[in-house]
Structures are given as C-alpha cells and as structure tokens.
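Taking it in order: structure first as structure tokens, then the write-up.
The values are calculated or read from the model by the stated rules, or taken from the named source; none is laboratory data. Computed from a prediction, not measured in an experiment: that's the story for all the values here. Note: ideal-geometry Cβ built from the backbone for every residue, glycine included; neighbour counts use all protein chains shown.
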Amino acid sequence: MKTTVVCGLLGSGKTTFIRNFVTGRTEKTVVLVNDFGKAGIDGEIFSARGIASVELPSGCVCCTLKFDLITTIQRIVKQFSPEHLLIEPSGVASPSGVLEALEIAGTGSASVIGIVDAAEFTELYESGMYGSFFEDQIVNSDVILVNKTDLADEPAIAAAERLIGSVNPLAVLLRAVNATISIPLPEAPRHRDIHSSGRHLRFETVSVNLLNRMELALVQALFDDLSKGKFGRVVRAKALVNTSGGPYRFDSTFGTVDMARFEKTIEESRLVVIGEGLDVDALKQAGER
Ligand SMILES: Nc1nc2c(ncn2[C@@H]2O[C@H](COP(=O)(O)OP(=O)(O)O)[C@@H](O)[C@H]2O)c(=O)[nH]1
Ligand SMILES: [Mg+2]
C-alpha cells in the first residue's frame, strides 16, 4: 500500500488536491480525513465525488487523536485493502505527529506533500504567528506545492520558493493552481528521519447547523461578515448549505470568500468556523435566519 500524507495550513488546498488527484484514477484509494467540527465537511465533499473516505472528526490527529489515527489506519487496511491511502490531517496538525503515528501503525514509509498558499505563505512564516508549525510542515515534506499561484504575483511566488528552499533544500518544489500537478508523485523515501519541531496550532472551532433552504443572499452576507471579522478572528470557515437556490459549498480563507454549486443535495446544512475570539452566540443566531 502506498501512503501519502497531505499537509498544509487551514485552507491551503489539501481537499482540492486530493479531489483532483484521485478523480479518474483506477487504483483502489481510500482517503482518511481528520476534519474540524462535529460533522466534517471534507468527508461529504469526497463522497459527493465518489471517493471512498473515512472520517476522524474533531480533535487533532497529531496529539489527542493519535491513538485513534493508528487504530483507524489499521482498520482501513483490514477492511478495504487499499492500494493507496491518502491522509488529510486537519490544517493545524503537525505532520511529524502524523508520521509518528504511521510508524506505529506499521504502514511502511509514506510520502508527504506539503501545500502552501503562495500569496500568504512568506508573510505568515516570517510573522512567527504560527510558531514552528510551518517549519515542521516544510522540513517533513518531500514535495511542496506552492498553490494558488493565480492569486499571487511573481515576486510573492519567488519569495515563497526561496524561503521554502532555505528551510528544506531537498524538497521538490512545484507551482500549482487548484493544487493540480501534472507529474506522478515521487516514491516515498525508504528511510525518513522525522523532524519534530512542531507544536500544533490551537484554535477554537464552532459548528453551527444552518436552516435548510436558507436564502442564498443571506449565506453570502454571512460569509462576507465572517471574512470581515464580524464574528471574531476567523482563520477558516466552510459550509455546505441547501440554499433557496440549490446546494452550495462556501469557503472563507484569509478574507477571501469562495462559493460553488455542490454536486448533490446536502445531508445537513452546516457551517464550521475556526479561529480565535469567536462570538459563538452570534454565529448560532446567524445560522437560524
Ligand atoms: N483561487 C484559488 N483558489 C483555490 C486554489 N486551490 C484551492 N482553492 C480554494 O481554496 C479554498 C480552500 O481549499 P481546500 O482544498 O478546502 O483547503 P484545505 O482546508 O487545505 O482542505 C477552497 O475554496 C478552494 O476552492 C487555487 O489554486 N486558486
Ligand atoms: Mg480540507
């Protein structure tokens, strides 16, 4: 079994990468996703595309859920015997913690893809706001996608590449839009030293049930407010909603809001918000309009 860990900060493009990578492939693939909130959003995004996925919702696989991660991997291997296991840890997990769990689970070596947001990476890294999170990610990655190059100018992309190259000169660097790559993934290294510099990030998470058939304009207004900081410092927000205009997926990352028609009716309309100093009551009220 091939194992690939796809890591990156909240909103960098992990789910997008896996969706694009798996679509059209014939090998038997299972995605193990550790999402935020009670009802994980990414799991439903994968299953809407017919991608087999197993969810480990809430908590963080690099610490409190490490044991669950190990037993879940062992269960997946037994139950599905996949040819390829892709793991999407939550966007705050340190990859070193995931690699340690894989070692204990005995899956053999894994390759690690690190995804960074071309427009935001350098500033976030240099601000030190995220502690050693990025260092842990970059140092442990075999391939690094400098993603969202459509949103960044050439100097920003080149600065990100220089910085990544100085932290890990051995990683293969690729530029990407929508986390799409045109070359095969490199083989997993036979031996890996896990560099554990990482402390995982601590954010609050709020999950809110949204009214079914919410007005589309109201959901747009809610995401505008979220991205402008009306409900506290939002690092990431995502929602699956059956709106008055049909099913939609909403995403907010660093003040950008992205919405797209969803492939099918959503099981339960919901919103997950990740950040600091979140106004939980106001968020719950907003979801009931
Ligand atoms: N403009 C742009 N948006 C992107 C790109 N890659 C991903 N996105 C969007 O960024 C948001 C977060 O992506 P997602 O894959 O859910 O990130 P994750 O939290 O790391 O799993 C989604 O709205 C994506 O559609 C890209 O290359 N360019
Ligand atoms: Mg995701």
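Failed condition for GLU187, given (1) surrounded by 15 or more Cβ atoms within 10 Å (Cβ to Cβ); (2) within 29 Å of ILE144 (Cβ to Cβ), with all others met?
All conditions pass for GLU187, except number (1).
From the set of residues in the stretch 146-178 that are more than 16 Å from ligand 2 (Cβ to nearest atom) and assigned to a loop (DSSP other than H, G, I, E, B), which is nearest to the chain's Cα centre (by Cα)?
Looking at residues that are more than 16 Å from ligand 2 (Cβ to nearest atom) and assigned to a loop (DSSP other than H, G, I, E, B), I get VAL177.
Restricting attention to the stretch 56-77, report how many residues are hydrophobic (A, V, I, L, M, F, W, C) and under 25 Å from VAL272 (Cα atoms).
Going residue by residue through the stretch 56-77, those that are hydrophobic (A, V, I, L, M, F, W, C) are 56, 60-63, 65, 67, 69-70, 73, 76-77.
Still in the list and also under 25 Å from VAL272 (Cα atoms): 56, 60-63, 65, 67, 69.
The number of residues fulfilling the criteria is 8.
Of all residues in the stretch 1-45 being within 12 Å of the chain's Cα centre (by Cα) and more than 12 Å from ligand 1 (Cβ to nearest atom), which is surrounded by the fewest Cβ atoms within 10 Å (Cβ to Cβ)?
Once the filter is applied, the top-ranked residue is LEU32.
For every residue, the table says whether it meets (1) touching a residue at least 60 places away in the same chain (Cβ under 8 Å); (2) hydroxyl-bearing (Ser, Thr, Tyr).
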{"position": "VAL54", "(1), (2)": "no, no"}
{"position": "LYS78", "(1), (2)": "no, no"}
{"position": "LEU85", "(1), (2)": "yes, no"}
{"position": "PRO95", "(1), (2)": "yes, no"}
{"position": "GLU100", "(1), (2)": "yes, no"}
{"position": "SER132", "(1), (2)": "yes, yes"}
{"position": "ILE138", "(1), (2)": "no, no"}
{"position": "LEU145", "(1), (2)": "yes, no"}
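What residue, among those in the stretch 223-260 that are over 21 Å from the mean Cα position of the chain (by Cα) and in a strand (DSSP E or B), is surrounded by the most Cβ atoms within 10 Å (Cβ to Cβ)?
Within the stretch 223-260, the match that is surrounded by the most Cβ atoms within 10 Å (Cβ to Cβ) is THR243.
For the structure I just gave you, tell me whether ALA217 is part of a loop (DSSP other than H, G, I, E, B), more than 14 Å from ligand 1 (Cβ to nearest atom) and either outside the structural domain of GLY108 (by TED's automatic domain parsing) or surrounded by fewer than 16 Cβ atoms within 10 Å (Cβ to Cβ) (or both).
no
Among the listed residues GLU288, GLU267, which satisfies the condition of being away from ligand 2 (no atom under 16 Å from the Cβ) and under 20 Å from ASP35 (Cα atoms)?
Working: GLU288 fails: under 20 Å from ASP35 (Cα atoms).
Answer to the selection: GLU267.
Give SER111, SER90 a once-over and let me know the one that is within 16 Å of ligand 1 (Cβ to nearest atom) and hydroxyl-bearing (Ser, Thr, Tyr).
Exactly one of SER111, SER90 is within 16 Å of ligand 1 (Cβ to nearest atom) and hydroxyl-bearing (Ser, Thr, Tyr), namely SER90.
I'd like to know if the stretch 54-71 contains one or more residues that are at pLDDT 90 or above, within 25 Å of ASN242 (Cα to Cα) and within 13 Å of ligand 1 (Cβ to nearest atom).
Checked the stretch 54-71: no residue is at pLDDT 90 or above, within 25 Å of ASN242 (Cα to Cα) and within 13 Å of ligand 1 (Cβ to nearest atom).
So ALA152 fits all but one of (1) surrounded by fewer than 21 Cβ atoms within 10 Å (Cβ to Cβ); (2) more than 25 Å from LYS28 (Cα to Cα); what number is the exception?
If we test ALA152 against (1) surrounded by fewer than 21 Cβ atoms within 10 Å (Cβ to Cβ); (2) more than 25 Å from LYS28 (Cα to Cα), just (1) comes out false.
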